[in-house]
Every structure is written in C-alpha cells, then in structure tokens.
Amino acid sequence: MIAVAGASGSVGRWAVGELTRMGIGPVRLGGRRVDALRQIADETPEAQPFPFDLDDPESVARFCDGCTAVLNCAGPSYLILDTLARAAIAAGAAYVDVSGDEPVHRRLTSADCAGTVVLSAGMLPGLSSLIPRWMATEMDKVDSLSTYIGGLERCSPSSATDMILSMHTDDGDDYGHALAGWRNGRLAEKVLRPQKDVEVPFFPDRVSAHPFFSGESARLATAIGADTMDFWNVFVGDRLVTTFTRMRSRPVAGEEMDRAVAELTRAAELDLFGREPYYALVFRMTGVVGGRSVVRTAALRTGDAYRLIATVGALAVQAVVEGGVGRGVGYAADVLDPGQVVAEVRHSPAVTAFELVDHAETHEGMEDGTV
Ligand SMILES: NC(=O)c1ccc[n+]([C@@H]2O[C@H](COP(=O)([O-])OP(=O)(O)OC[C@H]3O[C@@H](n4cnc5c(N)ncnc54)[C@H](OP(=O)(O)O)[C@@H]3O)[C@@H](O)[C@H]2O)c1
C-alpha cells in the first residue's frame, strides 16, 4: 500500500495517476475533503479514499499504518515540516516528499531519525539537480553551469504559501540568496543582476530572468565540482514577478498571509490569461570530454509543471519500493540514479519536448537581450 498525502491537490492528483501508470499500488488517497478524494478514487483502480488531517496526530498515524511508502504531496510544506515524515517512519514506511527541502532535512538529521526518507523529489527542487547531475556524469570535468527554469503556470495555494514562507524563515536560514552565484568554487553574493525583456534559448517568449542561488544549487555545484554556476528563475509576464519581488522586500506578516496568497495566485492567473501554460528547464554546461572543451545544453519542456513534479515524486517512490534507496535522510538528487530518472522522465507523458545539444561556441551570460 502506498499512501499519497494531498492526493486531491495539484501535484497529488497527478502523482496518483503516475503511480498507477507505473503499476505501483494500491494507493491510499489522503486529504481532508472526502468528496475530492472520492472523485479521484472513481478514476483510479483499487485506490481508497482515506480522509485525514495533518493537524490530528491520531489520523496521521492511521494514514501511515500498514503502508510500504508515504508520498507527501500535501502542502504548504513549510507548515507541515516533519509531521508526516515522523509518522511514516514510526509506522515503518519509507517517506518521499516532493518538497520538504532543507527545513525537513535539518529537523530529521538533527534528531538522528531512522528510516528511508527522500526529500525534494519534485521539479524545483529535484529535477533541477538530477538533470545536471546526469549531464555531469558524461563529462570528465565540469567548468560551469547556467540554469534557467520557469514559464507560464498557475500557482496553487500551497505553492504560493511556500513561496512566501521560504523568503523569510524564522531561523534566519532563508531558502537561498537573490543576486548570488557560484564563483571559484564558492558562494558569491551580489554578482548577478536581474535581466528584463531578454531571449533565453528554448523559451518561446521574451522573458525576465532573476538570479537566485539556493541551498540546492550550492549542493549541486559541490557535487559536480563546478567552478562557476548561475541559476535564473524565468518569468513570462510581469504580474507574478512584480508581486513576488515586492513581497521579498517586505516580509508578509502572519495575518496578511491569506491576502498575500490570493495576490500571488491572481498574479499568476493574469500572466497566464488567454495563454497555454508551459514550463521549461534549460541547463547549459561547459566542461571537458576526452581533452576537448565542450558546451552542452539540455532543455526540457512540459505543459503542466505540477504533472512533472508528480512524475519525479512517483519515480522516487518506485526507486524506494524496488529497494534502490538505502536507509537515511537524503535529497532525491543525492539518492536517486540521475541517468535512470532522466531516461524515465524524458519519455513520460508529462514532458512535451526534451533536447540535448552540443555547441562549439562558448560565450557566457546574458548580453544585449539574449543568453
Ligand atoms: N519540488 C517542486 O518542484 C515543487 C514545486 C511546486 C510546489 N511544490 C510543493 O508541492 C506541495 C503540493 O503543492 P500543490 O500545488 O499540489 O498544493 P495544492 O494544490 O494546494 O494541494 C494541497 C493538498 O494538500 C492537502 N492538504 C492541505 N492541508 C492538509 C491537512 N491539514 N491535512 C491533510 N491534507 C491537507 C489538500 O487537500 P485538502 O484541502 O482536502 O485537505 C490538497 O490535496 C506543496 O508543498 C508545494 O510547495 C513542490
């Protein structure tokens, strides 16, 4: 039995479909609204609605009981923290989280938690490290990596809440650093600036690109041994990025949260108005293969970012149930096989295009309106 928490959410309903497509189950469908769960059960063979509330410890324990693995697609992740992970471990189940990230990792490792835990098994973070890790395995040495991720997508309530909460955490350990990059093998503050109205290869629109260096990026840079690394959040349209930037400069107080979430989701809707959603992940890596300098670009496009997140989460569950992940608390990028994940993802229904291109030229950065 695989328990999916948040099975009625934007990610969760796709995750249930992905697990079924991969032949993994039966699936227990978790969330508070029983009608929403019943609707998904009607479309999914052998799936059982299992209403529970993450704020009720007894119901959380019942939800995990008897399961091989618990996949957390509920949100907001910054409020759930390690609640579900601890219940899963207590029930003897492996725990996979499409989010969780550093706050859950820190809480579980500091308490020396036993069990199998896979965190950040989504798209960003998640695939954002797994694809370049796979690219790096085919190079003798990596010199640099530039990553561009973004597009046009609606913003779910949980995603909006997590975006806001990740900007200013209570313990001062923010999710990352705006304008920062990786230079000479270490974090460098204020080395980049936002770019407006630029072309980025593989994005069909002119976009704005905002440099942001997260904990995930720093782990990736260390793992692949890159000297130089930039990460750019790509926005199509002005509404979401303007709202987000304003919130970053002025922390949202607790009582303002509902209004701020509504503002972010509305801004994303307005950017998307009349358009088809798309999300692209573009990685430009330079390095050395067989003594030759190479520039390699991988680009992936999806019509539904939530479906892509769900695909990675389901693949992590598959790896866990097949015994491919040992005990301990790890990030998906560290514990999954990047080549296997990329091979599965690129042919999954979530992906509309995947390209790998080798170039001769090596110019860097965004200038004169192009990358
Ligand atoms: N790694 C990545 O690439 C990535 C990217 C974007 C988002 N995320 C994360 O993915 C997670 C899910 O996002 P989403 O967009 O699917 O969110 P969503 O559409 O808002 O759905 C949230 C789900 O959680 C359930 N839920 C909320 N509170 C609950 C509670 N107290 N007890 C039980 N279930 C509860 C909801 O059902 P009920 O309301 O019926 O309870 C719903 O099924 C979030 O943490 C988000 O930040 C990850």
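Residues in the stretch 289-308 that are open to solvent by 30 Å² or more (accessible area, probe 1.4 Å), within 16 Å of the ligand (Cβ to nearest atom) and in contact with a strand residue (DSSP E or B) (Cβ under 6 Å, 6 or more places away or on another chain): Arg301, Gly303. Residue check: is Ala91 aliphatic (A, V, I, L, M), surrounded by fewer than 24 Cβ atoms within 10 Å (Cβ to Cβ), more than 24 Å from Phe235 (Cβ to Cβ) and not assigned by TED's automatic domain parsing to the domain that holds Ala180? Yes; evaluated as a whole, the condition is true for this residue. More than 19 Å from His168 (Cα to Cα) and polar (S, T, N, Q): is that true of Thr286 in this structure? So Thr286 fits the description; yes. In summary, Arg86 fulfils each of the numbered conditions (1) under 23 Å from Ala305 (Cβ atoms); (2) at pLDDT 95 or above with the single exception of condition (1). Restricted to the stretch 126-216, the set of strands (runs of 3 or more DSSP E) holding at least 2 residues that are open to solvent by less than 40 Å² (accessible area, probe 1.4 Å), more than 16 Å from the ligand (Cβ to nearest atom) and farther than 20 Å from Arg248 by Cα comprises 141-152. Val104 meets each of the listed conditions (1) away from the ligand (no atom under 13 Å from the Cβ); (2) outside any strand (DSSP E or B) apart from (1).
To keep it simple, each residue is scored yes or no on (1) modelled with pLDDT under 95; (2) in contact with a strand residue (DSSP E or B) (Cβ under 6 Å, 6 or more places away or on another chain); (3) over 24 Å from Leu315 (Cα atoms).
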position	(1), (2), (3)
Val16	no, yes, no
Thr20	no, no, no
Gly30	no, yes, no
Val34	no, yes, yes
Glu43	yes, no, no
Asp56	no, no, yes
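The values are calculated or read from the model by the stated rules, or taken from the named source; none is laboratory data. If you're wondering where the values come from, they're calculated on a predicted model, not measured in any experiment. Glycine also receives a Cβ, built like all others from the backbone with ideal geometry; neighbour counts cover every protein chain displayed. In case anyone asks, the SASA skips ligands and DNA or RNA and just uses the protein heavy atoms, side chains included. Shrake-Rupley method; radii C 1.70, N 1.55, O 1.52, S 1.80 Å.
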